[in-house]
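Chemist: Got a structure here, written out as structure tokens. Questions coming.
The values are calculated or read from the model by the stated rules, or taken from the named source; none is laboratory data. Small disclaimer: the values here were computed from a predicted structure and weren't measured. Because the Cβ atoms are built from the backbone with ideal geometry, glycine has one as well, and the counts that use them run over all protein chains shown.
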Amino acid sequence: MAAATARPMELCFASRAATPTPAGMAPARPKKRRAGTVRCAATAPAPMGEKTEYRDGPLERAFMGLFARKMEKYATGGGKRKQQPAEKEKEKAVWEWDYENFVDVSRRVMVGRTRAQQQEAVREVLLSMLPPGAPEQFRKLFPPTRWACEFNAALTVPFFHWLVGPSEVIEVEVNGVKQKSGVLIKKCRYLENSGCVGMCVNMCKIPTQDFFTNEFGLPLTMNPNFEDMSCEMIYGQVPPPLEEDPASKQPCYPNLCSMSTPSAPVCPKLQ
């Protein structure tokens with residue numbers, strides 16, 4: 001079908017068109033456009049089996065760099081890595097990172113760690129990104145009300161586009177009440193680039209659920225769909241125990257994950 005082979009759409013914000021020159025006046029010399037005046041971002045994911053093309057701007061790369069730098073401290077098995085002086089000289093600026101670097105750091109955080117240790121490392125990274133007392137302030141500003149859930153869902157779409165890709169707010173049912181506190185991630189960029197079920201669950205789903213539910217006091221459940229790599233986030237819904245979560249019984253992607261164990265019925269990183 002034509003829709004299945006179409007390239008992912010892109011949304012571009014270009015600089016303004018030139019102002020018309022009044023009659024009798026010489027046209028002004030066109031100014032050289034600076035790099036970065038056009039920013040493009042994928043607005044629709046590629047079909048399953050194909051990789052979505054993103055064109056990240058300096059701001060998106062800065063977010064990747066900030067997170068990757070924090071995670072780099074845990075990127076060797078068994079504890080924090082002490083950076084040597086020679087490494088400090090070669091340290092990249094935050095805007096010099098790309099998404100592949102970010103995913104690679106995440107993958108190295110998994111090395112030598114149990115499932116619980118991986119999740120704890122992500123929790124510490126998230127806490128380190130916040131100013132002191134931020135969780136307490138969040139609890140005061142956003143008690144677990146319908147408004148708070150819907151507000152955070154609305155914020156998720158623009159603020160986490162760089163991390164998960166295109167998403168949209170959807171209506172969900174929480175405790176028998178319909179509300180727009182759901183976010184549908186159309187094809188998770190993190191899962192698409194890593195191809196790893198264990199990274200999805202241990203480095204994203206469980207730590208994010210736990211952080212919002214226990215640190216911020218705002219329940220959050222994430223339901224990844226491993227068939228099409230989409231994911232549903234439901235603010236206001238308490239997540240189930242891991243042993244009751246279908247994501248904990250998911251096998252590897254044998255053709256996508258470099259660390260996969262195709263013969264295992266469940267991804268070994270989930271055990």
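Chemist: Would you confirm whether or not the range 218-240 contains a residue that is more than 13 Å from Gln119 (Cβ to Cβ), in contact with a helix residue (DSSP H, G or I) (Cβ under 6 Å, 6 or more places away or on another chain) and in a helix (DSSP H, G or I)?
Modeler: Among the residues of the range 218-240, not one is more than 13 Å from Gln119 (Cβ to Cβ), in contact with a helix residue (DSSP H, G or I) (Cβ under 6 Å, 6 or more places away or on another chain) and in a helix (DSSP H, G or I), which makes the answer no.
Chemist: Please name all residue pairs, on different chains or six or more residues apart, with Cβ atoms under 6 Å, provided the first residue is in the range 112-141 and is more than 30 Å from Pro268 (Cα to Cα) and the second residue is crowded, with 16+ Cβ neighbours inside 10 Å.
Modeler: Close Cβ pairs satisfying both conditions: Pro135/Glu215; Pro135/Phe216; Phe138/Phe216; Arg139/Gly217.
Chemist: Is the range 205-214 home to any residue that is without any contact (Cβ under 8 Å) to a residue 60 or more places away in the chain and either more than 23 Å from Phe138 (Cα to Cα) or exposed (fewer than 15 other Cβ atoms within 10 Å of the Cβ) (or both)?
Modeler: yes
Chemist: Here's a follow-up. For Glu96, state whether it is in contact with a strand residue (DSSP E or B) (Cβ under 6 Å, 6 or more places away or on another chain) and surrounded by fewer than 16 Cβ atoms within 10 Å (Cβ to Cβ).
Modeler: Here the answer is no, as Glu96 does not meet what is asked.
Chemist: From the residues in the range 57-104 that are part of a helix (DSSP H, G or I) and among the basic types (Lys, Arg), which one is modelled with the lowest pLDDT?
Modeler: That would be Lys88.
Chemist: May I ask you to list the residues in the range 148-194 that are without any contact (Cβ under 8 Å) to a residue 24 or more places away in the chain, part of a strand (DSSP E or B) and surrounded by fewer than 16 Cβ atoms within 10 Å (Cβ to Cβ)?
Modeler: Glu168, Glu171, Glu173, Lys178, listed by residue number.
Chemist: If Ala264 satisfies all but one of (1) among the hydrophobic types (A, V, I, L, M, F, W, C); (2) surrounded by fewer than 22 Cβ atoms within 10 Å (Cβ to Cβ); (3) in contact (Cβ under 8 Å) with a residue 24 or more places away in the chain, what's the number of the condition it fails?
Modeler: (3)
Chemist: I'd like to know if the range 241-264 contains one or more residues that are part of a strand (DSSP E or B) and on the phi < 0 side of the Ramachandran plot.
Modeler: No, the range 241-264 has no match at all.
Chemist: Of the conditions (1) surrounded by fewer than 17 Cβ atoms within 10 Å (Cβ to Cβ); (2) under 23 Å from Pro240 (Cα atoms), Phe142 satisfies every one except a single condition; which number is it?
Modeler: Among (1) surrounded by fewer than 17 Cβ atoms within 10 Å (Cβ to Cβ); (2) under 23 Å from Pro240 (Cα atoms), Phe142 violates only (1).
Chemist: Does Ser230 satisfy being of a type in the set (Gly, Ala, Ser) and farther than 30 Å from Gly65 by Cβ?
Modeler: no
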